[in-house]
1. Please give the FRET efficiency for Gln93 paired with Asn33, using the beta carbon to beta carbon distance and R0 = 45 Å, rounded to the nearest 0.05.
2. Kindly write out, for the stretch 976-989 in residue order, the coupling ³J(HN,Hα) from the Karplus curve 6.51 cos²θ - 1.76 cosθ + 1.60 (θ = phi - 60°), rounded to whole Hz, with x marking Gly and Pro.
3. At what distance in nm do the modelled label points of Asp920 and Glu163 sit from each other, each positioned 7 Å from its Cα along Cα→Cβ?
4. Under the 0.36 nm per residue contour assumption, what length would be gained going from the current alpha-carbon distance of Arg698 and Lys944 to full extension?
5. Given the -39500 (n - 2.57) contribution per DSSP H run of 4+ residues, what per-residue ellipticity at 222 nm results for the chain, rounded to the nearest 500 deg cm²/dmol?
6. Using mean Cβ contacts within 10 Å as the protection proxy, how do 46-57, 112-123, 645-656 order, highest first?
7. For the residue pair Lys751 and Glu880, what label-to-label distance in nm results when each label sits 7 Å from Cα along the Cα-to-beta-carbon direction?
8. Need one number: nm distance between label points at Asn352 and Lys967, each 7 Å from Cα along Cα→Cβ, rounded to one decimal.
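The values are calculated or read from the model by the stated rules, or taken from the named source; none is laboratory data. Here the structure is a predicted model, which is why all the values come from computation and not from measurement. Glycine also receives a Cβ, built like all others from the backbone with ideal geometry; neighbour counts cover every protein chain displayed. Heads up: the accessible areas ignore ligands, DNA and RNA and are worked out on the full protein's heavy atoms, side chains in. Shrake-Rupley method; radii C 1.70, N 1.55, O 1.52, S 1.80 Å.
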Amino acid sequence: MVSEASNENWIIRKLQDYGWIYNSSEELEERNNYVFLLKENLLESVRKINSVPETLISDAISKLDELTPSKDGNSKFLDFLKHGINVVDENRQIHTIRLLDETKIHNNSFIVTNQFNIKGKSNKRPDIVMFVNGMPLVIMENKNPYNMGTLELAYNQIKGYEESVREMFTYLQIAVINNGVKGELFPLFFNQKGDDTLAKWKTSYPLEPTPENEVEVLLYGVFHPDNFVKILTNYIHIRKKGDRNEKIMARYMQFRATEKILRRIDDNLNRTQKESVKTGLIWHWQGSGKTLIMANTAYQIRKKLPDATLLIVVDRKDLDNQALTHFSDIQGLEVTQSIGSTTELAELISYNNGNGKPGIFIVTIQKFSPENFRSVAKNPSLERGNVICLVDESHRTQYGLMAGTFRNAFPNAFVFGFTGTPIRKSTGGKIRNTFEEFCPPGELYLDRYSMKDAQDDGFTVPIAYEYNAAIPAVKDQIIKEALNHDEEVEYLTETEKELLNRKIRVIKELYKTEANVETIARDVASHFQNEVENSNNGLKAMLVAVDREACVMYKRKLDTLLSPEASEVVMTFGYNETSDLIKEYKDELESRTGKDVKKACKEFAANFDLSYNPKILIVTDMLLTGFDSSRLWVMYLAKPLFEERLLQAIGRTDRPFTTKDYGYVIDYVYLLETLNKTLKKYEGMSSEAGIRGIVISREEIEKDFVQLLDETYAIFGDFDFSNDSHENLDRLIKILSDSEISDRFEKNFRKLTAILNLPRAKTYLMAHMNRYKVLAKAYGVYINNLKLGGVNEQKVQEAYERVKKIVSENFFLEVENKGNFTIDRTYLERLGKTRDYAAALRVLNTWHMDVSNRRFRYPSLLERIVNAYQRLMKAKAVNEEILNEIKSIKERMDSIDSAESVEGETKTAFKEAIKAAISDMGDNVFNLFCENLADRKGIKLLLKGERNVRKVDRKDIMKSIRYSAIKVLNPASVPEEDTIVELIYKGLRETFGF
């Protein structure tokens, strides 16, 4: 059976196979005097890479020692890794000292060790640490899948290390958590726990063959030296986000697609291919990060081909809400320029006597309008071969005259298309074929990442679909007349536009009648209040209207049904509006907001994520592409949409959020059949499977729910759920203490609950509720008696609260089922005789819930309870050591209860925090210190029970601790003083939650 140690050894053997050298921790500790920066190895490697005087190498290494354990220090070190360290010689000449050799990979030193002792606030021994050229860059925590081996637990330990040995995390770039079966990684940047972006790695590209085991794929794909140096230097970046920085790391499909683009460029420029292939299609589903593929490509092109011209080509309608506009926020891409006019475009092309301007530029396809390009730019062309064009939403923009003008302007350029929905269609004699435009003969795409891939990886959630027959469905034949209106109109002549408008006017009018707008608006308002707003999950909605006039009509109607600030219209406005309704609303909007309409709409879209209002965005065309909001849950679809437009629109709802298990589409048009056909076309599904698993209809939801109920009951075999005795409860706990069973049960039950959380689901699943209620009881037992070993307690509790809400509001059932018992000395004496495993679990869980629910947390006590629980789960029996610890915890809890009854909750919590931080103080010194500290600035605030502690108060608290420490404890040195202050401050912060 796999153990934590055997898993650790297996990983080390795999890394050795890839070229890493294993050094034992004892060897490294002795050789480097327990310092985590392996100076001897670092100096040797840097000398090999750089032919410079020793003094310059010493100067560079000294800059590593100056880095602080902070986001800023970690960011600077990453910059040193990627670009080297600049030092100045005696003649004031600047030299760049490289820390890594990117071209000759095996010039670098790759060392892996395990159980390496790291000194800090408290010494730690991570499972695996990986060094490149003597620098610690990777930390890995391994768990046993058969014994509470959760990835959450491993993640929590990494965050604990980050707190305890912060200095080493100045240099560490990547953390890996795994249990030998599953594995994830994330970039390290001193983030708060829970703020890190964890991801799987499912490719070994370009290395072959790809292993089958998930963890082995991660190890091979990321840590084979050939890939690892690339990832370190080209795929981890610092990005400015508002007033702070964040660290981003490419996901596996972004890495794979970028590498394929770069390989194609390199093969052609170096003539390693017989035929010139200068195009490729990146077919990745929306939300999977196509923008970051472009950013990673641009970053490396700029580094490898400094004389190249790289164009990011976008559609004008997406420019305002695309992440592309924030290219320059990524360190290394600050030089990105936006082309603001056709004149600027002409200057770019004609720069340097027609050789073109090198750099990275964002340009809209509309700048290539034939008339303007001819009259303003005089039809220039840039014929260099090192021009690279990355075309966003390429299914929309690369046909007709503008696309032809664009291609003629760069006749020898590399052109790569990016889209989630390529098209192949003929409309009005015009052929639009994304594959033909971007795919060389015999190639369907350069890289593919499907809608199903995105769901499997957790980057998107499934979409639940419901048809609402509030108004009569429009016949398919009539609907088809509207197919090309919004997406094709800018490519038609004025005569063609008028003809098309006549054909579809009847359809729009159907969806704009007062009666139909009223019916849909009332249904939307009722559904939103009862199912969305009432869920208190922080999620919001979007109403898609048939045209701009309909948007205004819905807004006015919803204002009478909901508060006016609950909804806002986001749409375009013309300078000379012909519609009186739109003109009137435009004046109202400008008067109400004090802003021009474009700015107001932009703020409405931004506030959707950031503010309480608006809760419903009303749109017709804007935001149906390029708008990514994880808070968008429900889309009310009152507009005929087809094929890629339909997929892109409903895909707005599939961005993950903590309280969102599904996106949700309520369709007033009846587009299910069209959606089914479209998904089969794009996702390659059989006709029988239809949209199953990606978009789920009401009928499929019920079928899935019943099937999942059956599967979940089968997990328990012949267990009798009707028996409510304590003995039977203990049997249930023993069954669920098997991690394989509990994992399957929890996964299934969460799916059942997710389905019930769908709006209106409970109404058509009521017939199955009795069976669900039984499982809800079992889940209550599991959460209260066994889930303590999980790390993310807040996440678990949030999920469980949702279960309780469903059950208590709809089925009047108490699911806690803790079993009524009192934990006193008699109970513990009986436990000592019976050594009842299930009873011991219940004791520790009861205490854990008791302490967790108190007004003030007791972190050291909670830690003891958790540790005892984990040892009990590992031992599967109540041994003498665990029994004694349970009795000792009981004594500590009794002591705290006694103190609370005399001194009150606040003062007891205050003293416990100090005692836990500095445990070796005598009673007299301890009491004197507490009295001295209690009367100081900032501390008084805490003892009054104030939970809203400002930044200035935190500084006062830190100063007060230092003053009392100097006065009472008289520390021997400044480092000892700093340690005391930090430990006490941390204890108070965790106890009082400031």
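1. Result of the calculation: an efficiency of 0.85.
2. 5, 4, 4, 5, 4, 4, 5, 5, 5, 4, 4, x, 5, 4
3. In this crude label model, Asp920 to Glu163 measures out at 2.2 nm.
4. Here the segment from Arg698 to Lys944 would lengthen by 83.2 nm.
5. -15500 deg cm²/dmol
6. 645-656, 112-123, 46-57
7. 4.7
8. 6.9
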